[in-house]
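**Student:** Got a structure for you, questions after.
The values are calculated or read from the model by the stated rules, or taken from the named source; none is laboratory data. None of the values given here were measured: they were computed from a predicted structure. We place every Cβ from the backbone using ideal geometry, glycine too, and count neighbours over all the protein chains shown.
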């Protein structure tokens, strides 16, 4: 039974909600207004909103200076491919965790024991280096670190039960991205050089920097934990009996996944896609650091118009409006699905 | 037989394609998005017409983003860029580390302003060619000076500037006597405060790299800055950088503004500035120690050591920094748009000297000496910065401390003590102080 609220309380909540909404919308409104002003009007003090002579010149200058549609194309490629690639990994992962969860750890080793293994490996390596005065190549150091950190780390992750794995996946989003910047930058920029260092084929001209080959998998990996979490929540709502019935009718795993589960979860998958599209569209940190031109998305396009010295507010505002316009339109038309997606499972 | 013909034809097509590809060189140029650099991109048809085998690929970014990207690339020997736009701070440091190729093929190197050439060299070798240079000066409102019964000196002192600021301040009508940078950052408030300190006889470090914030010269500079900003500066000055002060000056809210000479064209633009006709320019003030409070900066083009296309890159730099390029811009967009502050010959051109701030820009640049930036001897070069890799971090932290003092969160003495402690720790950790 719904709880009845007094009209005064409803009015108060409405006023507070509208105030918060308008405050949050104000920067976008201000950006939109500044985009249609001349550069000097955008700077003038005190600011006028309605008496300004409006102009479209900033949009023309921005398009003239930067090829806006190339950036839209790049963003679309990265967003669409990373979403599709993400779904390819996330649907089976979420299925396995929702319908075939592991209740207990696969390993009898505790977290402390795993840490002890890693620490022992490090100590052995340092002792080896100290007593033998041995100067290994960078590649060998890389292999050693791989054996010491990545292999035990992966085994630990594999051995976790489902709730542990879910938490671990989400924890990867807790790390500040700047902390991983230099290693990822080196992998992107020198992936070919590593093979050369190892005495293999020289692939130094084939870098992942500023390429879709680098940006699409990176964007997929960035958003994968959130996609898996969302799909997991949806799949948990689907009665397991339906899948069991399909199995009894002779459905293979593939049919169970893509002919039974996926159609039923289509609204959820659509919401997940939308959220992933918005996150990938607005991503700036990695795009700014790992692209230059050929695979540069709209976030890179905006940064071309910011400057600590000079008059640029109107052009920057125009560039921002051009960059956010497509995603605003998509968001506007799909807001119902989006809200449903974000609140799914919260109310039963 | 037919198959063999097809195979041979395919081989020939691939070979010709390979030859055609080998003849074309694509240069990737990382550049800052200021007006002069954007203009250069429009002018490059002139270069590609005479160098048809060289194609240009531009990466245009905001200055801080550009600095981060370029530093990451060059320090990891990434080799993404063939031509870099870098400043006077990075050039000698990177030249010393061997990250840059010494330049050859520059048009008339003797014509480059000596102070600029000195700041872009290491060990006597030029590592970057200046594209655009700037100093700082004082822009002032002639009408407000006349109203206050004052006349601006051609060689003002800090006492004269402060007196003028006091008399021009009219807060009831929204006029602040003076606008100065307060936003934290080594290239923001510390660019100004460093030069102000130089004019007060202060220095960042003594000959043994010991920080000098505990000396009376720094105290005099900071207390003067805080007092004049409190008495005559705008509200919220601790958040004001170049752009914010420009907006204030253009809208008639500042009697004086000490900042980059690049601002000259903005403040005399009648479409942007309310009082464009009343703006005057004078050299930065001094305090009787033989150094004026003006900086020296240049955006310059350099070739990273990781580039595989050094010859083509140097050819491009030679074109972009040549006298011919200046004449090209003058012919297409007027003399006022020629990149300033790099060549002596530009300032001998009577057409260019008609630009209102041209003579004062040259005088300001000539008054700056990056090799001897302070009254007392120092172990470093650079005027508004110290040309060591650690400076960007130290300068930004000290800038935050002084910005807090301007916001009234700490006193001048506390700010100086904090700056001294922080800088001493950082320099000790970096190994400068034994």
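Yes/no matrix, rows are residues, columns are (1) closer than 23 Å to residue B:105 by Cα; (2) in contact with a helix residue (DSSP H, G or I) (Cβ under 7 Å, 6 or more places away or on another chain):
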{"residue": "B:308", "(1), (2)": "yes, no"}
{"residue": "B:316", "(1), (2)": "yes, yes"}
{"residue": "B:343", "(1), (2)": "yes, yes"}
{"residue": "B:365", "(1), (2)": "no, yes"}
{"residue": "B:375", "(1), (2)": "no, no"}
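**Student:** Please state which one of B:251, B:243 is modelled with pLDDT under 90 and closer than 30 Å to residue B:414 by Cβ.
**Tutor:** B:243
**Student:** Same structure again: Filter the range B:169-194 down to residues that are part of a helix (DSSP H, G or I) and either under 24 Å from residue B:409 (Cβ atoms) or touching a helix residue (DSSP H, G or I) at 6+ places or on another chain (Cβ under 9 Å) (or both), then give me how many there are.
**Tutor:** 7
**Student:** Any idea which of (1) surrounded by 10 or more Cβ atoms within 10 Å (Cβ to Cβ); (2) at pLDDT below 90; (3) out of contact with any strand residue (DSSP E or B) (no Cβ under 6 Å at 6 or more places or on another chain) is the one residue B:51 doesn't satisfy?
**Tutor:** (2)
**Student:** Output yes when any residue across the range B:185-195 is more than 14 Å from chain A (Cβ to nearest Cβ) and over 18 Å from residue B:295 (Cβ atoms), and no when none is.
**Tutor:** Scanning the range B:185-195 turns up no residue that is more than 14 Å from chain A (Cβ to nearest Cβ) and over 18 Å from residue B:295 (Cβ atoms).
**Student:** Residue B:29 - would you say it is modelled with pLDDT of 90 or more and within 12 Å of another protein chain (Cβ to nearest Cβ)?
**Tutor:** Here the answer is yes, as residue B:29 does meet what is asked.
**Student:** Moving to a separate point now. I'm checking my understanding of the structure. Among residues of the range B:269-284 that are closer than 23 Å to residue B:173 by Cβ, touching a residue at least 60 places away in the same chain (Cβ under 8 Å) and not in a helix (DSSP H, G or I), which one is nearest to the other protein chains (Cβ to nearest Cβ)?
**Tutor:** Checking each candidate, the answer is B:275.
**Student:** I want to confirm something. Restricting to the range B:77-98 and keeping residues that are more than 21 Å from the chain's Cα centre (by Cα) and closer than 29 Å to residue A:301 by Cβ, which single residue is nearest to the other protein chains (Cβ to nearest Cβ)?
**Tutor:** Once the filter is applied, the top-ranked residue is B:78.
**Student:** On the given criteria, is residue B:74 within 11 Å of chain A (Cβ to nearest Cβ), buried (at least 22 other Cβ atoms within 10 Å of the Cβ) and over 30 Å from residue B:363 (Cβ atoms)?
**Tutor:** So residue B:74 does not fit the description; no.
**Student:** Continuing with the same structure: Only residues in the range B:236-250 that are more than 7 Å from chain A (Cβ to nearest Cβ) and over 10 Å from residue B:176 (Cβ atoms) count as the first member; pair them with residues that are modelled with pLDDT of 90 or more and part of a helix (DSSP H, G or I), Cβ under 7 angstrom, at least 6 apart or cross-chain, and list the lot.
**Tutor:** The qualifying pairs are B:238/B:403; B:238/B:406.
**Student:** Next up: Inside the range A:204-306, counting only helices (runs of 4 or more DSSP H) that do not spill past its ends, which hold 1 or more residues that are under 18 Å from residue A:89 (Cα atoms)?
**Tutor:** Helices (runs of 4 or more DSSP H) meeting the threshold: A:212-237, A:266-282.
**Student:** Now, a different point. Test residue B:64 against the stated conditions and say whether it is buried (at least 18 other Cβ atoms within 10 Å of the Cβ), within 21 Å of residue A:307 (Cβ to Cβ) and at pLDDT below 85.
**Tutor:** no
**Student:** If I filter the range A:101-153 down to residues being within 30 Å of residue A:235 (Cα to Cα) and in a helix (DSSP H, G or I), which single residue comes out as modelled with the lowest pLDDT?
**Tutor:** The extreme case among them is A:111.
**Student:** Mind telling me which of the residues A:261, A:253, A:298 ends up being farther than 30 Å from residue A:329 by Cβ, more than 14 Å from the chain's Cα centre (by Cα) and surrounded by 20 or more Cβ atoms within 10 Å (Cβ to Cβ)?
**Tutor:** A:261
**Student:** Let me ask you something else. Residue B:169 - would you say it is more than 14 Å from chain A (Cβ to nearest Cβ) and either on the phi > 0 side of the Ramachandran plot or out of contact with any strand residue (DSSP E or B) (no Cβ under 9 Å at 6 or more places or on another chain) (or both)?
**Tutor:** For residue B:169, the condition - more than 14 Å from chain A (Cβ to nearest Cβ) and either on the phi > 0 side of the Ramachandran plot or out of contact with any strand residue (DSSP E or B) (no Cβ under 9 Å at 6 or more places or on another chain) (or both) - is not met.
**Student:** Give the residues of the range B:51-66 that are more than 8 Å from chain A (Cβ to nearest Cβ) and assigned to a strand (DSSP E or B), sorted by residue number.
**Tutor:** Matches in the range B:51-66: B:54, B:55, B:56.
**Student:** Working carefully through the options B:131, B:192, find the one that is modelled with pLDDT of 95 or more, surrounded by 18 or more Cβ atoms within 10 Å (Cβ to Cβ) and closer than 30 Å to residue B:300 by Cα.
**Tutor:** Result: B:192 is the single residue among B:131, B:192 that is modelled with pLDDT of 95 or more, surrounded by 18 or more Cβ atoms within 10 Å (Cβ to Cβ) and closer than 30 Å to residue B:300 by Cα.
**Student:** Let me ask something else about it. Could you please give the count of residues in the range B:138-156 that are touching a strand residue (DSSP E or B) at 6+ places or on another chain (Cβ under 6 Å) and not in a loop (DSSP other than H, G, I, E, B)?
**Tutor:** 6
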